[in-house]
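Report on one structure; see the data block that follows.
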Amino acid sequence: MTAGAARRLIGTESPVAARYPPHVARPVIGITSYATQAQWGPWDLPAALLPLSYCDAIDRVGGRPLVVPPSVEGVAETLDALDGLILSGGNDIDPSVYGAPTDVQTTSTQRRRDDAELLLARAALARDMPVLGICRGMQIINIAYGGSLEQHLPNRLGSERHRERWGAFSEHAVDVTPGSRLCGILGPRPVVKSSHHQAPDRIGDGLVLVGTAEPDGTWEAVEDPGKAFAIGLLWHPEEADDLSIFEALVAAAATYRGG
């Protein structure tokens, strides 16, 4: 068993979590949610939902997770309640958002969520609030900076190696740029869990590409070196044992809250 897995099992707090004893208000991290039809008990209704692993990761490193539903209203009020923001994974983004025609493989888009998250991301970045984009959320960050997406990786790669099976995560290594903020957090070659069929095609202005997938070179991580913390990852760190990226986010959120 890895140290991360043991920490999950026994609930041992990380060094970041230890900075915030029970009587101290911890940094509040907003996490965007899926807008989808869902079933529970006798109900089958539209829902705003989120895999619990996102919330658990923030809890374990000393933050307070707050699930944020997709809404274009009250963006400023929402951000006023937060110290940091996670743009979570989910469905494909409507290509019209970044000015592209729709590939036949781009499906299940949710323009309501797209519009809400782009507003939230741009407003958070304008405040220099710490922002972490995960999978779809990394793509939202790239679009917020004026970038675009490659809509179906198998068209280029000839395989579904980044999403080999629906409902399961594929694993591969990522080469992280030495000297980047991300390398300082995760090291030069983390092994990650991914489930995606899209990736950045054009990197947005102001972002720097800092991670590529082995062995195919797919663009997997970006950051804005001019911001206190603005990082996008095309993989799912909330499903891994290593919570370093969340520790770094919560530490940045604590600094942000302190002014």
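The values are calculated or read from the model by the stated rules, or taken from the named source; none is laboratory data. Quick caveat: nothing in here was measured; it's all calculated off a predicted structure. So basically every Cβ, Gly included, is an ideal-geometry build from the backbone, and we count neighbours across all protein chains shown. Surface accessibility is based on the protein's heavy atoms, side chains included, excluding ligands, DNA and RNA. Shrake-Rupley method; radii C 1.70, N 1.55, O 1.52, S 1.80 Å.
Comparing Val174, Val191, Val131 in a Gaussian network model of the chain, where Cα atoms under 10 Å apart are tied by springs, the biggest mean-square fluctuation is seen for Val191.
Within segment 158-259, the trypsin sites (Lys or Arg not before Pro) that combine a DSSP coil assignment with at most 13 other C-beta atoms in a 10 angstrom radius are Arg165.
Take the Cα of Leu49, step 7 Å toward its Cβ, do the same at Leu209, and the gap between the two points is 3.6 nm.
In the full protein context, the chain carries 44 Å² of accessible surface per residue, based on a 1.4 Å probe and ignoring ligands, DNA and RNA.
If each residue of separation counts as 0.36 nm, what is the full-extension length gain between Asp56 and Lys193 once their alpha-carbon separation is subtracted?
47.6 nm
May I ask for the net charge around Pro51, where only other residues with Cβ less than 12 Å from the Cβ of Pro51 are counted and Lys, Arg are +1 while Asp, Glu are -1?
Neighbourhood net charge equals -3.
Other residues within the sphere of radius under 15 Å centred on the Cβ of Arg127, judged by their own Cβ, net out at -2 (K and R +1, D and E -1). When a/c reaches 1.5 or more, the comparison of a/b and b/c decides; with that in mind, is segment 135-246 rounded, prolate or oblate per its Cα gyration tensor? The shape class here is oblate. Highest-first packing order for the peptide set 37-49, 209-221 is 209-221, 37-49, based on the mean count of other beta carbon atoms within 10 Å. Taking a Cβ cut-off of under 14 Å around Glu223, the surrounding Lys, Arg, Asp and Glu residues balance to a net charge of -2, with basic ones at +1 and acidic ones at -1. Just the protein heavy atoms count here, and of the accessible area of the chain at 1.4 Å, carbon and sulfur take up 54 percent.
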